[in-house]
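Okay, so here's the structure we're looking at.
The values are calculated or read from the model by the stated rules, or taken from the named source; none is laboratory data. The model shown is predicted, which means the values in this text are computed figures rather than measured ones. As a convention, Cβ positions derive from the backbone with ideal geometry for all residues, glycine included, and neighbour counts pool all protein chains shown.
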């Protein structure tokens with residue numbers, strides 16, 4: 001029997017608020033099952049880069065916190081520091097970003113703890129039998145937690161097609177060194193004709209591999225660590241992925257194996273939620289967010305992370321493109337993520353996650369409040 005994925009629509013057709021719908025979803029999916037009294041429960045989320053407003057609303061996270069407390073768990077919110085040089089690349093600024101975006105204990109009911117410490121070096125080595133990863137560097141607060149509940153904002157992503165539960169766990173639970181391992185094959189290239197010399201890539205490069213020469217970006221690929229942040233932050237598409245290396249597929253496979261490592265030893269003490277609203281074309285790591293690719297869909301939950309991401313992506317693909325957005329001319333049942341990122345096959349992360357036993361791409365959708 002395929003795993004169940006529970007779904008509640010974002011549409012206001014029952015007079016029930018979205019936070020109340022989240023509570024009903026968590027109850028129906030029995031998120032919190034297996035949590036024992038006193039368990040330290042990591043609620044893995046993304047607090048959003050300051051300037052971005054498409055992240056999961058903290059009021060929805062509060063309902064997850066309340067659910068964990070109701071079953072006797074001791075919840076905390078957490079995320080690992082970023083590899084790129086932004087406002088979440090160290091523990092102090094990361095914690096301040098969480099507060100500024102509304103994830104203080106006053107709103108969420110639980111403290112935010114940076115998972116890999118002050119400088120991103122606090123991690124636990126987790127053995128993995130995967131073809132790509134032999135030992136994953138998992139942020140210590142996640143590795144040492146008794147249970148993990150992922151609350152992911154479902155959206156597009158330039159390097160993985162979409163970002164959902166697998167990315168929230170795989171890339172998001174990795175220490176900075178673990179993130180670098182996952183990106184290690186990615187070496188961008190520079191389109192000098194598009195470069196305007198704005199210097200954003202210089203400021204965001206964690207390896208100091210890029211400099212402005214005669215008002216054009218020039219990179220020292222010997223220093224490049226393959227994080228891909230220059231590609232993400234460049235607003236003029238001057239920094240581009242070198243697709244000939246096949247790096248995006250490798251990154252997705254490593255990411256799936258890291259997701260498995262983040263859940264290792266927590267069998268029966270995990271739960272997964274995708275928040276499919278404000279479905280932006282790019283990751284919440286950007287300091288801005290674009291018009292959504294489709295209208296708000298709703299909330300989904302499951303005990304199978306692969307089934308959850310598959311169901312979420314299916315719903316986005318089936319939806320019509322949102323007016324004024326990157327997919328405004330993309331019709332129903334057309335691949336929205338492929339339209340925005342034509343060189344990225346998002347199926348790779350799901351195929352590999354299923355192949356390593358992380359979950360099933362088959363699922364039974366259970367729609368609530370119909």
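Just a few scattered comments:
- Members of region 234-254 that are buried (at least 20 other Cβ atoms within 10 Å of the Cβ), at pLDDT 85 or above and in a helix (DSSP H, G or I): 251, 252, 253, 254
- Within the set 301, 322, the sole residue that is surrounded by fewer than 21 Cβ atoms within 10 Å (Cβ to Cβ) and in contact with a strand residue (DSSP E or B) (Cβ under 9 Å, 6 or more places away or on another chain) turns out to be 322.
- Filtered by the rule that a residue be farther than 18 Å from residue 298 by Cβ and assigned to a strand (DSSP E or B), region 143-186 gives 147, 148, 149, 157, 161, 174.
- Any hit, region 90-111, residues being assigned to a loop (DSSP other than H, G, I, E, B), at negative phi and modelled with pLDDT under 95: yes
- The residue of region 135-146 that is nearest to residue 250 (Cα to Cα), among those that are surrounded by fewer than 24 Cβ atoms within 10 Å (Cβ to Cβ) and in contact with a strand residue (DSSP E or B) (Cβ under 6 Å, 6 or more places away or on another chain), is 135.
- Boolean, residue 81 is part of a loop (DSSP other than H, G, I, E, B) and closer than 15 Å to residue 48 by Cα: yes
- Any hit, region 258-276, residues being within 17 Å of residue 162 (Cα to Cα) and either in a loop (DSSP other than H, G, I, E, B) or over 18 Å from the mean Cα position of the chain (by Cα) (or both): no
- Meets criteria (buried (at least 19 other Cβ atoms within 10 Å of the Cβ), out of contact with any strand residue (DSSP E or B) (no Cβ under 9 Å at 6 or more places or on another chain) and more than 23 Å from residue 98 (Cα to Cα)) for residue 330: no
- Looking only at residues in region 9-45 that are crowded, with 24+ Cβ neighbours inside 10 Å and in a strand (DSSP E or B), the one that is nearest to the chain's Cα centre (by Cα) is 44.
- Inside region 323-349, residues that are in contact with a helix residue (DSSP H, G or I) (Cβ under 6 Å, 6 or more places away or on another chain) and outside any loop (DSSP other than H, G, I, E, B) make up a count of 3.
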